[in-house]
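Coordinate-derived values only; no laboratory data. Quantities reported herein were computed from a predicted structural model and do not represent experimental measurements. Counting neighbours? That spans all protein chains shown, and the Cβs are built from the backbone with ideal geometry, glycine included.
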Amino acid sequence: MIYKQSPHSKDLRKGRYSQHNQSYLVTTNTEQRQTVFADFYLGRIVVQAMRHQHEQGNVHSLAFVLMPDHLHWLFTLQNDNTLAEVMKHVKGTSSYLIQKNRRERGAIQLHHPLWQDGYHDRALRKEEDLQQIARYIVANPLRTGLVTKIGDYPLWDAVWL
């Protein structure tokens, strides 16, 4: 089966501008909203790809939550990197490693891309409360009923802990 790029995914990139030291809230979904990250180990692969961007100094990661079928990530862009470069690395690396892991475990392979094309980003204004936004992000598993306490959900983090 061949999956084609959404005819409107290029519209997400129109007018996109990456600014050094700007904080962004980025959201991206798995292809067809498949619940790939219900598998904790596969979710950890995505977390490691994000952490690598932080450790390389490409972003200052502030908060994230990786839901079974999507990611919310709050970070500040560093070192003249672009949103496109950061997201390409995270999505590309995680896709490759997840497929490799699934092959090694003898699991059914994904016959389509792991991630949907594109992502939604929002540049945050200086006066916005980053801690409040982080609280909203990490509470996503509570709002969706996956857990009754945020501490019970394993795939999230915030610098304010």
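General observations
- In terms of other Cβ atoms within 10 Å, Lys100, Lys149, Lys91 run from fewest to most in the order Lys149, Lys100, Lys91.
- Here the contact order of the chain, divided by its residue count and restricted to Cα pairs under 8 Å and six or more residues apart, works out to 33 percent.
- FRET efficiency for the pair Asp39 and Ala123, taken as 1/(1 + (r/R0)^6) with r the Cβ-Cβ distance and R0 = 22 Å, rounds to 0.10.
- Within region 20-73, the ratio Rg/Rh, alpha carbon atoms throughout and Rh by Kirkwood, equals 0.99.
- Kirkwood hydrodynamic radius (C-alpha pairs) into Stokes-Einstein, region 20-158, 10 °C and 1.306 mPa s, D in µm²/s: 103
- Most mobile listed residue (Leu62, Leu124, Leu77) in the chain, GNM with C-alpha springs under 10 Å: Leu124
- Each helix, a run of at least 4 DSSP H residues, gives -39500 (n - 2.57); summed and divided by the residues of the chain, these come to -10000 deg cm²/dmol at 222 nm.
- Computed extension length for Arg51-Ile150: 33.6 nm, one decimal, from 0.36 nm per residue of separation with the Cα-Cα distance subtracted.
- Taking Tyr96, Tyr24 and counting other C-beta atoms within 10 Å, the order from fewest to most: Tyr96, Tyr24
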